[in-house]
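Every number in this text was worked out from the coordinates using simple rules, so none of it is lab data. From a predicted model like this one, the values you see are computed outputs, not experimental measurements. As a convention, Cβ positions derive from the backbone with ideal geometry for all residues, glycine included, and neighbour counts pool all protein chains shown.
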Amino acid sequence: MSNIPADLRFAESHEWARLEADGTVTVGISDHAQEALGDVVFVELAEVGNVFAAEDQAGVVESVKAASDIYSPIAGEVIAVNDALSGEPELLNTDPYGTWIFKLKPSNPADLEKLLDAAGYKAAIGE
Amino acid sequence: MGQRTPLYDLHLALGAKMVDFGGWDMPLHYGSQVEEHHQVRRDCGVFDVSHMTVIDVTGSQAKEWLQHLLANDVDRLHGCGRALYSAMLNERGGVVDDMIVYRTEAAYRLVVNAATRDQDMAWMQARLGSYNVQMHERPELAMLAIQGPHARQKIAELVTQSRSSLIHQLKPFEGQADGDWFIARTGYTGEDGLEIVLPADQAPGFFNDLVGAGISPIGLGARDTLRLEAGMNLYGQDIHQDVSPLAANMAWSIAWEPAGRNFIGRAALEAELAVGVQFKLVGLVLEERGVLRAHQVVRIANVGEGEITSGSFSPTLSKSIALARVPTATADRAEVEIRGKWYPVRVVKPTFVRHGKTLI
């Protein structure tokens, strides 16, 4: 049974998203995702300035076991990426909700409402 | 549902994440495969390898038959208790399987891969011919591998006096029976250690004793990165029916002498040598961030292309490594295509780490 914080929104592709007070959206991967990936050893980050539509590929997380694409949960422009992950990719395993991957300036903040809430995500992963 | 070893319930109780491996439900890891990897390199750990197939070969012509069946020569096993690694080839010189052969008092004991069990049994049975040989598969036995620099010392403290002294006596690639246990100083990690074959009903108790004594259980995930660092082939990835042992870093395991020993595949290998072996297995080291994976394309300037056969992240080296089959000419630099981009790699001998030491 994985941890699913109630204050986050989730994509079916296992990213979490959080709307910040300044209107930006912070993105990471769920506890369920890191658990399925196993030990993360490399994160290929998007670049600041990239503009994504919802569900566009926005990076890659590589575990010892496999490479897995990460997707932008909503449309927007990348305004920051978490460079700490190049030195400590295992943060995604040890603290999946305290470790962000990139931040977006959303094209439309209301898009967040289209994502799953905690209960919806819980159902989606069969827990 | 896959096949289960006698330790299945214990793996679940220890929190293992289970995965299908060759039709068996096996532990992938018990939390972190990277931590398990370090545990084996630095101390020791225990693996359930009961999925592997144990076959005892008896009969007055067992030796002659195995000399025909295998590319290595069991006549090199001088006396009971010795072991050797061998390929079993098809007539085209491709690898049907790889195995360890132990010479026991009454027989030869073959330990072959789990995923190839059916094809191996069929292959061997079809080649019994008129040889006076009997094959006995031993599904009632379990097998544990205890590997790492402290493995033998720790196990010796947990077993009977006679097994303890046997463990101290065994040299690398030796194995002996003690009662209903068979204890060998072999493994698949590049570290010192033991492989113990024992009755299935004793396996959970013994495994539990080891874990209780502080020996970490290790899953197949770490088993794969350990063997990759040690440069050991994985059947189905680095070697298979269409790969010659000469192109798989296995030439050392082919016994060419005596010249008259007509093992299956010999003619094909000699023909291959006569025209020149076209490919070889090398090691690759990625100096940049990223992970090399099986089937990625390797490009060597002015030489040609090859392919990664096994690739992963090396916990010991903290960078990605791979085994790759490339044109024999090769070079000391190459490039690998990862998601559409070409990354420079170093080409090295395909042994990265042995006995805790980095070799590249």
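Only aspartates and glutamates eight or more places from residue A:114 in sequence, or on another chain, were considered; those with a Cα closer than 16 Å are A:7, A:12, A:15, A:55, A:56.
Quick check: Cα centre of the range A:79-101 to Cα centre of the range B:1-28, how many Å? The two parts, judged by their Cα centres, are 31 Å apart.
Can you check what the net charge comes to around residue B:90, using other residues whose Cβ is under 11 Å from the Cβ of residue B:90 (Lys, Arg +1; Asp, Glu -1)? So the surrounding residues net to -1.
By the helix-only formula, in which each DSSP H run with n ≥ 4 contributes -39500 (n - 2.57) and the sum is divided by residues, chain A has a 222 nm mean residue ellipticity of -3500 deg cm²/dmol. For chain B, the mean residue ellipticity at 222 nm estimated from helices alone is -6000 deg cm²/dmol, where every DSSP H run of n ≥ 4 contributes -39500 (n - 2.57) and the total is divided by all residues, rounded to the nearest 500. Rg then Dmax, both in Å and based on the Cα atoms of the protein assembly as shown: 25.2, 84. As a rough guide to protection, the peptides B:31-41, B:108-118 ranked by mean Cβ packing within 10 Å, highest first, stand as B:31-41, B:108-118. By definition, a body whose alpha carbon gyration tensor gives a ≥ b ≥ c is oblate when a/c is 1.5 or more and a/b is not larger than b/c, and the range B:173-228 fits this oblate description.
Farthest towards the positive end of the charge dipole of chain B, among the residues B:110, B:147, B:1, is the Cα of B:147, using unit charges on the Cβ of Lys, Arg, Asp and Glu.
What is the gain in length, in nm to one decimal, between residue B:259 and residue B:43 on full extension, counting 0.36 nm per residue of separation less the C-alpha to C-alpha distance? Please list the in-between numbers first.
Numbers: separation 216, 0.36 × 216 = 77.76 nm, distance 4.38 nm.
So the extension gain works out to 73.4 nm.
Mean per-residue shielding of peptide B:282-289 is 1, counting Cβ atoms of other chains within 10 Å of each Cβ.
Averaged across the residues of A:35-43, what count of C-beta atoms belonging to other chains lies within 10 Å of each residue's C-beta? Intermediate values should be presented prior to the final figure.
Values: counts 1, 1, 0, 9, 13, 2, 11, 8, 1.
Neighbouring Cβ atoms belonging to other protein chains average 5 per residue here.
Convex hull volume of the C-alpha atoms in the range B:132-222, normalised per residue: 128 Å³. Straight-line cross-link partners of residue B:63 among the aspartates and glutamates, defined as a Cα under 19 Å from its Cα and at least 8 positions apart when in the same chain: B:73, B:75, B:97, B:98, B:105, B:120, B:137, B:174, B:257.
Centre-to-centre separation between the Cα atoms of the range B:161-199 and those of the range B:250-288: 30 Å.
Computed over the range A:9-109, relative contact order equals 33 percent, with contacts defined as Cα pairs under 8 Å that lie 6+ residues apart.
Which value in Å does the Kirkwood hydrodynamic radius of the range B:1-153 take, with 1/r averaged over all unlike C-alpha pairs and then inverted? Don't skip to the answer; put the middle values down first.
Numbers: mean 1/r = 0.0583 Å⁻¹.
Taking the inverse mean of 1/r over all distinct Cα pairs, the range B:1-153 comes out at 17.2 Å.
Relative contact order of the range B:245-358: 27 percent, from C-alpha pairs under 8 Å at least 6 residues apart in sequence. Compared with the rule-of-thumb size 2.2 N^0.38 Å for a compact globular protein, chain B has a Cα radius of gyration ratio of 0.99.
Given the pairs B:154/B:319; A:65/B:17; B:319/B:357, which are separated by over 19 angstrom at their Cα positions? Violating the 19 Å limit, Cα to Cα: B:154/B:319.
Quick check on the range B:286-328: take the gyration tensor over C-alpha atoms, sort the square-rooted eigenvalues as a ≥ b ≥ c, and tell me if it's rounded (a/c under 1.5), prolate or oblate. Present the calculation step by step, with values, prior to reporting the outcome.
Numbers: a/c = 2.52, a/b = 1.93, b/c = 1.30.
Since a/c reaches 1.5 and a/b is larger than b/c, the shape of the range B:286-328 is classed as prolate.
Projecting label points 7 angstrom from Cα along Cα→Cβ for residue B:346 and residue B:105 puts them 5.1 nm apart. With the charge dipole of chain B set up from +1 on Lys and Arg Cβ and -1 on Asp and Glu Cβ about the Cα centre, the Cα lying farthest toward the positive end among the listed residues B:206, B:61, B:71 is that of B:71. Selection among B:291, B:269, B:247 by position relative to the dipole of the range B:245-302 gives B:291 as farthest towards the positive end (Cβ unit charges, Cα centre). Taking a straight Cα-Cα cut-off under 13 Å and skipping sequence neighbours fewer than 8 places away in the same chain, the aspartates and glutamates within cross-link reach of residue B:349 are B:229, B:332.
Structural descriptor for chain B: relative contact order 18 percent, calculated from alpha carbon pairs under 8 angstrom and at least 6 residues apart.
Equivalent-ellipsoid semi-axes for the range B:245-358 (Cα gyration tensor, √(5λ), whole Å, largest first): 30, 17, 10. Post the alpha-carbon centroid distance, the range B:112-154 to the range B:307-333, in whole angstrom. Rounded to whole Å, the Cα centres lie 29 Å apart. About its Cα centre, the dipole of the protein assembly as shown is roughly 1640 debye, where the only charges are +1 on Lys and Arg Cβ and -1 on Asp and Glu Cβ.
For a test of the definition: using alpha carbon positions, the gyration tensor, and the 1.5 limit on a/c, classify chain A as rounded, prolate or oblate.
Judged from the Cα gyration tensor, chain A comes out oblate (a/c at least 1.5, b/c at or above a/b).
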